[in-house]
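Take a look at the structure set out below.
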Amino acid sequence: MAKDKAKAMLQNALYDMADYLESGKVKGAKIAVCGIGSELGEDCVFTAAEIAAKEGIDVYYIGSLVPEYAVHVEANSEDEAAQKMDELLESGTADAAVAMHHTFPIGTSTVGMVSAPATGMPYFVSTTTGTAAVNRFEAMLLAAIYGIATAKCMGYTEPSIGLLNIDGARQLEIALKKLSDNGYNINFAKSQRKDGGCIMRGNDLLSGSADVITVDSLTGNVLMKLLSSFTSGGAKETTGFGYGPGICENMQEPVFIISRASSTPVIINAIKYAAKFVSVDFKSIIAEEFKKANKAGLKSIIEENSKKSSKPKAEVKAPPKEVVDESIAGIDVMDLEDAVSLLWENEIYAESGMGCTGPIAMVSAKKLNAAMEVLAKGGYIAK
């Protein structure tokens, strides 16, 4: 019985592939595209929709211009276009939508896709719009899961993940490594810089050192604009795939965000991004990713961090001053003073500082190992 089922699945896959090779269509990919609201004019979006339709994607163009190859859904204002888009998604007529604006609820955030300037290789920026959570740590931890899940929907079986070197990155690294130790498989990327590690620097953004770069949505939004529009001097976005789908644990019909400054090539890529995404059972892939992460303690890690951040800090007196000739890196900038206080509590004199890779705690060489043990136990550095 299982053999017959496997044979039928293989036959269906081969039929689908044959259809794609013959027609260029991604089976089942019906994409609604909102054309009104672009700073570059409706014609910019209209042209993208027509090109994507000519290349085989079932496009529903929502706007005032009448397409030859896409299905026309008339709308003459942004509000009307948004209403028509919602109707197409709710009715199942469209599987996904590409729009310049959409109000996502708290808990949903988008995963963008860019091309690395140095190599041309695509990678995901998670997240770029929306709010995964009100708490910054929780939002970035969820962003990491959102990015991995999205990459898997796009065909990456074991996407590598890197964390941009911003405030919160070190605590995020500790949390992800705890999830990994608990059984949630994470393929950590390695920075191209000499010190390596999964903390990504600006160089890594240019070369695409990771399949997924994790950031907060405001930083991600800036990165998308910078990486997509630098060739035009910021006048318009000329490269990349847009700001991506709104992702959450209980994923429904995805809306892919583009900018009002996105040019025709970017919008074409965004439509293709959407078509590829919905060609698989994305809801099951995302649900399975969260099932594994939750089993590895995702929710308890979020709760632990919340309790830690709300705990009042007692004033600690510094022990006798010593010569500090060793430094401990890997501490988050927001936790640096607390980390130094913890060392003082344990009778280890320390000072805070800033090295070339970020915040550091400086201690004497003879107390270096003891200090690292204290900080690792306190959750300020990775073990």
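FYI, it's all coordinate maths here, none of it is from the lab. From a predicted model like this one, the values you see are computed outputs, not experimental measurements. When we count neighbours, we look across all protein chains shown, and the Cβ atoms used for this are built from the backbone with ideal geometry, even at glycine.
One table, with the values for the structure above:
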{"read-out": "Pairs of alpha carbons in segment 232-325 whose separation is greater than 23 Å (percent)", "value": "58"}
{"read-out": "C-alpha long axis of helix 136-153 to longest principal axis of the chain, angle in °", "value": "40"}
{"read-out": "When segment 262-304 is reduced to its Cα atoms, the Kirkwood hydrodynamic radius in Å", "value": "12.7"}
{"read-out": "For segment 47-188, alpha-carbon Rg over 2.2 N^0.38 Å", "value": "1.29"}
{"read-out": "Share of alpha-carbon pairs per 10 Å distance bin for segment 84-162, given as whole %", "value": "16, 39, 35, 9, 0"}
{"read-out": "Using distinct alpha-carbon pairs, which all enter the 1/r mean, Kirkwood radius of the chain in Å", "value": "22.5"}
{"read-out": "Packing-based ranking, highest mean first, of 159-169, 223-233 given that Cβ atoms within 10 Å are counted", "value": "159-169, 223-233"}
{"read-out": "Angle between the chain longest axis and helix 217-229 axis [Cα atoms, degrees, rounded to 10]", "value": "60"}
{"read-out": "Fewest-first ranking of Asp211, Asp281, Asp216, using other Cβ atoms within 10 Å as the exposure measure", "value": "Asp281, Asp211, Asp216"}
{"read-out": "Ranked list, fewest to most other Cβ atoms within 10 Å of each Cβ, for Cys198, Cys44", "value": "Cys44, Cys198"}
{"read-out": "Between segment 188-238 and segment 123-179, the alpha-carbon center distance in angstrom", "value": "13"}
{"read-out": "Semi-axis lengths (Å, descending) of the ellipsoid that matches the C-alpha gyration tensor of segment 121-197", "value": "17, 16, 14"}
{"read-out": "Hz values of 3J(HN,Hα) by residue in segment 291-297 - Karplus curve (6.51, -1.76, 1.60), Gly and Pro given as x", "value": "4, 5, 5, 5, 5, 7, x"}
{"read-out": "Separation in nanometres of the label points that stand 7 Å from Cα toward Cβ, at Glu90 and Asn182", "value": "3.8"}
{"read-out": "Members of Lys30/Lys177; Lys54/Lys152; Lys194/Lys295; Lys152/Lys383 lying beyond 32 Å, as alpha-carbon distances in this model show", "value": "Lys30/Lys177; Lys194/Lys295"}
{"read-out": "Overall form of segment 21-91 per C-alpha gyration tensor (a/c, 1.5; a/b vs b/c)", "value": "oblate"}
{"read-out": "Within-13-Å neighbourhood charge of Glu90 [Cβ basis; K, R +1; D, E -1]", "value": "-3"}
{"read-out": "Partners for Lys236 among aspartates and glutamates (Cα-Cα distance below 18 Å; same-chain residues under 8 apart left out)", "value": "Glu39, Glu42, Asp43"}
{"read-out": "On Cα atoms only, tilt of 264-277 relative to the major axis of the chain in degrees", "value": "80"}
{"read-out": "Under Karplus coefficients 6.51, -1.76 and 1.60, residue-wise ³J(HN,Hα) of segment 103-111 in Hz, glycine/proline x", "value": "8, 8, x, 4, x, 10, 8, 9, 10"}
{"read-out": "Dipole magnitude of the chain about its Cα centre (Cβ charges: Lys, Arg +1; Asp, Glu -1), debye to nearest 20", "value": "1260"}
{"read-out": "Environment charge of Gly63, counting only residues whose C-beta is closer than 9 Å and scoring Lys/Arg +1, Asp/Glu -1", "value": "-2"}
{"read-out": "Fraction of beta bridges assigned by DSSP in the chain that are antiparallel (%, nearest 5)", "value": "40"}
{"read-out": "Projected label distance in nm at Lys54 and Glu337, using a 7 Å step from Cα toward the beta-carbon", "value": "6.1"}
{"read-out": "Check: segment 161-262 dipole with +1 on Lys, Arg Cβ and -1 on Asp, Glu Cβ, in debye", "value": "340"}
{"read-out": "Cut-off 11 Å (backbone N to label point 7 Å along Cα→Cβ of Ser327), residues of segment 360-377", "value": "360-363"}
{"read-out": "Cα Rg, Dmax, segment 109-155, angstrom units", "value": "11.5, 35"}
